[in-house]
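Step one of this worksheet: look at the structure below.
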Amino acid sequence: MVSINIQAQKKKTTATAPASYTIEGNITGLADGTAVKLVPGATHSSELPVAETILKDGKFTFTGKLKEPRFFYVVFGKSKGNISVMVENSKIQIAAAGKVSDQEGEWISFKDVVITGSKSHDYYVKETAFKEELNNDYAEYHKGTEELGKLYSKARVAGNKKTMDSIANSPEWKAFEAKEKAFFTKVETKSKELIAKHKTNWWGPFFMMTSYSYFTPEQKPIYEQFSEAAKKSYYGQIVDKDLNPKSLVGTSIANFGLKDKDGKTFNAKDIVSGKKYILVDFWASWCGPCRKEIPNLKTAYAEYAPKGFEILSVSIDKDEKAWQKALGQENMQWHNLLDDDKVSKSFNVKAIPATYLVDGKGVIIGENLRGAELEAKLKELMKS
């Protein structure tokens, strides 16, 4: 008798479990007809909307089905503002007060955001609450350094190395850099703890995607700790593709134009013209392994540049000031350009450092060659 009741209860639960989601929005402060899009997030890629509608009397509705909870942005206007939400198969309600800025760009900001009906969203908010503490830490260690930062930027633009060195060696700047290092160590520790806590399910890979804008080889052990179920989940598969991108050896690169630190546009075709081999190097100021590799690149460049070897470094930095600061510190003697988000995508760059060795015809003949491997490859090629 007991087992019959349990089976009946199971059937009842299955029958009442929602098979789809409904997102109902109630937004004040925005005009009727404002575009509303549901765009996938946490993928490290620019995604197309899965649904589109418009505001009517401040309201909008989206419906659909998901195999497992997913992170989305509800995007308003022409990508002028968004609200993030963890969507699952349930009835979800989003309420918020929107405001269109009167400044150029007419960006939309939101306050009093309330999201109900998604247990996954509630859990996401709870597990990431520590980020508010990190935001406060970030603001705190920047206090009192604004003027010094402006002076350093002004000196860099003017090419005044004496002033730059003077600022960099000052007790105030050294104290700032120590606090900055401590802050990023704390961010890294907190992120790793969050991911490890969820290594047995899809939350682990999901938090890995949201904790890192880009992956480096240093993150591979983080992925390896995941259970098979976690690796096979939607976000687990995305992490795998990002960490282990598909080989491009044998494919040709397209010409592209990007700006240098002075805002001058350079075309790849002109930079590599007449060269035998070119190393296209994707990096970023915040990427430790990338910065550690620069001395090796300098060694290779010094030895093989006279023989027809060229390096073209492309930074994926979003913070141009951080990139400029890194350039001043690293003093690389080859072209350094800033990515426009399109070039790194055309190379399918998912993790950095990422290097592509290209021959004089524009065909990729090697990938991720670094240190001794790059040296050996160039020695072999230059012999022939």
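Among residues of segment 62-84 that are more than 19 Å from Glu24 (Cβ to Cβ), those with a Cβ under 8 angstrom from a residue that is at pLDDT below 95 and among the charged types (D, E, K, R), sequence gap 6+ or separate chain, pair up as Gly77/Glu106; Lys80/Glu106.
Taking segment 248-273, which residues are without any contact (Cβ under 8 Å) to a residue 12 or more places away in the chain and in a loop (DSSP other than H, G, I, E, B)? Selection gives Asp262, Gly263, Lys264, Ser273. Which one is modelled with the highest pLDDT among residues in segment 248-285 that are polar (S, T, N, Q) and open to solvent by 70 Å² or more (accessible area, probe 1.4 Å)? The extreme case among them is Thr265. Of all residues in segment 99-127, those being more than 24 Å from Phe76 (Cα to Cα) and of a type in the set (Ser, Thr, Tyr) number 1. Any idea which residue in segment 35-53 is surrounded by the most Cβ atoms within 10 Å (Cβ to Cβ), counting only those that are β-branched (Val, Ile, Thr) and touching a strand residue (DSSP E or B) at 6+ places or on another chain (Cβ under 6 Å)? Among them, the one singled out is Val36. Whenever a residue of segment 33-48 is at positive phi, its partners that are open to solvent by 40 Å² or more (accessible area, probe 1.4 Å), lying with C-beta atoms within less than 7 angstrom and at least six residues away or across chains, give the pairs Gly33/Ile54; Ala42/Thr210; His44/Lys350.
Scanning segment 329-353 for residues that are open to solvent by less than 40 Å² (accessible area, probe 1.4 Å), over 16 Å from Phe256 (Cα atoms) and either touching a residue at least 60 places away in the same chain (Cβ under 8 Å) or among the basic types (Lys, Arg) (or both) yields Ala351, Ile352, Pro353.
Of all residues in segment 354-366, those that are open to solvent by 10 Å² or more (accessible area, probe 1.4 Å) and touching a helix residue (DSSP H, G or I) at 6+ places or on another chain (Cβ under 9 Å) total 4.
For segment 224-247, filtering for residues that are in a helix (DSSP H, G or I) and open to solvent by 20 Å² or more (accessible area, probe 1.4 Å) leaves 10. Residues in segment 129-141 that are assigned to a helix (DSSP H, G or I) and free of Cβ contacts under 8 Å to residues at least 12 places away in the same chain: Lys131, Glu132, Glu133, Asn135, Asn136, Ala139, Glu140.
The values are calculated or read from the model by the stated rules, or taken from the named source; none is laboratory data. What you see is a predicted model; the values in this text were computed from it and never measured. Methodologically, a virtual Cβ is constructed for each residue, glycine included, from the backbone with ideal geometry; neighbour enumeration extends over all protein chains shown. Protein only, heavy atoms only, side chains kept; ligands, DNA and RNA dropped before computing areas. Shrake-Rupley method; radii C 1.70, N 1.55, O 1.52, S 1.80 Å.
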